[in-house]
Amino acid sequence: MMDQEVLSVFAKRLFDGEQWLTNQQVTWKGQMIESVKSAAMPLNGEMEILDVLAPGFIDVHVNGGGGALFNHTPTIETLARMVAVHAQFGTVAMMPTLISDDYEIMSQAHHAVCQALEQTMAGILGMHYEGPYLNPIRKGVHNESKLRKPTEGKLATLLEVSRSGKLMVTLAPEQVPEGFIEWLVSQGVIVCIGHSAASYDQARRAVESGARGFTHLFNAMTPLVSREPGVVGAALQTDKPTWCGLIADGHHVHPASMRVAIAAKGCEHMLLVTDAIQSVGSDEKEMPFLGKKVLRSEGKVTTEDGTLAGSDLDMATAVRNTINLIGRTSTEALQMASLRPAEFLGIDQEFGRIKAGYRASMVALNTDFLVTATWIDGQKVWG
């Protein structure tokens, strides 16, 4: 077997996941970082010199990219396409997301992800089923004919992903039988609340049963109002360790609402997510989407009646928006894109930091936080 090459880069500014350092040399061999140390500016040509180096971004909610939607073609080729496209925007690891669909499509997606995990495909962490156990009242763009109650027999065969990777299920707690969330958690599933008309008390009971995520906070869930705090009120509680996904595109949530949510919850339990569809990395202005036509304009994608259909967002733009629209620091924005998703998924011993023993999955940025290069497991995949 050939010896793995030792590789190094020099970063004028390095964000290691927790703090900013200047003039750092990062060295890795194979997939793993070997050392991070202060160094003098290298001579021209000695090694690559970067403005900013940060831990690569982790997207736990991504439906497609580069013209491919996972629901339309639930194959390993689509997964590879999604990884390649989103790497341009600093994403080094993702949870490919399947929107509510028939059991046959769920099964095909499950087999594709299992195949990717068996092949240790770089960038694929597991799978996220967004539905189909959702409330029609809060269905958003999901096809109501695909929504249903769970049947454990069929579902059990789709949970194999949790044996070798991460598995998320977004559900409406009021749509599933008592004990169902506990059963999912016992099977290694990360349960998230979303597309739900639950009361505050119902959402809190779901959290007490083991749910630990809230899918695209504020969207497709009961709002926080004076006498009924709703799902949003439950999401913003801090007595239990739960995380909220934020689509920071300026269309899904008003910047003021995001600021209020972060003030209540804290950045440490907020995740930047894209909810991206196939428009990201594509030039198309109109595209098919789950039997409908969606239109892309001014940074958003909608059905012809104006319903948001996922997003046209990438993770690097989400980071910049968190700094520029919401007014958070670069430290907080980068953590919400890397370390916080890693903690949520329970993979923060491998991802979310640039330190010895961590994966060499990193993003190089310029001073405006535009991506200049991306490495996944030590391999430069873009830039």
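The values are calculated or read from the model by the stated rules, or taken from the named source; none is laboratory data. Just so you know, these numbers come straight off a predicted model, no measurement behind them. As a convention, Cβ positions derive from the backbone with ideal geometry for all residues, glycine included, and neighbour counts pool all protein chains shown. Heavy atoms of the whole protein, side chains included, go into the accessibility calculation; ligands, DNA and RNA do not. Shrake-Rupley method; radii C 1.70, N 1.55, O 1.52, S 1.80 Å.
Given charges of +1 on the Cβ of Lys and Arg and -1 on the Cβ of Asp and Glu, with all other atoms neutral, how large is the dipole of segment 58-194 about its Cα centre, in debye to the nearest 20?
Taking the Cα centre of segment 58-194 as origin, the dipole is about 140 debye.
Over segment 196-333, calculate the relative contact order: mean separation of alpha carbon pairs under 8 Å at least 6 apart, over the residue count, as a percent.
Averaging sequence separation for qualifying contacts and normalising by length gives 19 percent for segment 196-333.
Run the reach check for LYS139 against aspartates and glutamates, Cα to Cα strictly under 20 Å, same-chain hits fewer than 8 apart removed. What comes back?
ASP101, ASP102, GLU130, GLU174, ASP275, GLU304, ASP305, ASP312
Name the residue from SER199, THR22, ALA342 whose Cα lies farthest towards the positive end of the charge dipole of the chain, charges +1 on Cβ of Lys and Arg and -1 on Cβ of Asp and Glu.
SER199
Does segment 222-337 classify as rounded, prolate or oblate by the C-alpha gyration tensor (a ≥ b ≥ c root eigenvalues; a/c under 1.5 gives rounded; else a/b over b/c gives prolate, otherwise oblate)?
Since a/c reaches 1.5 but b/c is at least a/b, the shape of segment 222-337 is classed as oblate.
Please turn the phi angles of segment 367-375 into ³J(HN,Hα) values with the Karplus equation 6.51 cos²θ - 1.76 cosθ + 1.60 (θ = phi - 60°), one per residue in order, whole Hz, x for glycine and proline.
Ordered by residue, 3J(HN,Hα) equals 5, 9, 6, 8, 6, 10, 6, 9, 10 Hz.
Need the list of aspartates and glutamates near LYS12 for cross-linking: C-alpha distance under 16 angstrom, and skip anything on the same chain fewer than eight residues off.
GLU46, GLU48, ASP51, ASP368
Counting other C-beta atoms within 10 Å, and keeping those with at most 15, which DSSP coil GluC sites (Glu not before Pro) do you find in segment 1-91?
Passing sites in segment 1-91 are GLU5, GLU18, GLU46.
Note the angle between two axes, namely the Cα long axis of helix 103-118 and the longest principal axis of the Cα atoms of the chain, as a number of degrees from 0 to 90, rounded to the nearest 10.
Value to nearest ten degrees: 20.
Gain in length, GLN19 to VAL6, computed as 0.36 nm per residue apart minus the alpha-carbon separation, to one decimal in nm?
2.2 nm
Loop only by DSSP, 11 or fewer other Cβ within 10 Å of the Cβ. Give me the GluC sites (Glu not before Pro) in segment 130-211 that pass, ordered by residue number.
For GluC sites (Glu not before Pro) across segment 130-211 that sit outside H, G, I, E and B with at most 11 neighbouring Cβ atoms in 10 Å, the list reads GLU178.
Using only DSSP helix segments of four residues or longer, with each worth -39500 (n - 2.57), what per-residue ellipticity at 222 nm results for the chain after dividing by its residue count and rounding to 500?
-7000 deg cm²/dmol
Compute the label zone of ALA84 within segment 51-70: residues whose backbone N is under 19 Å from the point 7 Å along Cα-to-Cβ.
Taking a point 7 Å out along Cα→Cβ of ALA84, the residues of segment 51-70 whose backbone N falls under 19 Å are 63-70.
Which is the longest stretch in the chain that no exposed loop site breaks, taking sites as trypsin sites (Lys or Arg not before Pro) with a DSSP loop state and at most 15 other Cβ atoms within 10 Å?
Answer from the scan: 1-147.
With +1 on each Lys and Arg Cβ and -1 on each Asp and Glu Cβ, how big is the dipole of the chain about its Cα centre, in debye rounded to the nearest 20?
Dipole magnitude for the chain comes out near 540 debye.
Helix 76-87 sits at what angle to the longest principal axis of the chain, using alpha carbons and giving 0 to 90 degrees rounded to 10?
Roughly 60 degrees between the two axes.
Probe 1.4 Å, all protein chains in place: accessible area of HIS269 in Å², nearest 10?
The value for HIS269 is about 50 Å².
Could you tell me how many degrees, from 0 to 90 and to the nearest 10, lie between the Cα long axis of helix 315-324 and the main elongation axis, the longest principal axis, of the Cα atoms of the chain?
90 degrees
Post the alpha-carbon centroid distance, segment 197-245 to segment 1-79, in whole angstrom.
So the two Cα centres are separated by 35 Å.
Toward the positive end of the charge dipole of segment 11-170, about the Cα centre and with charges on Cβ (Lys, Arg +1; Asp, Glu -1), which of ALA87, SER107, VAL36 goes farthest?
SER107
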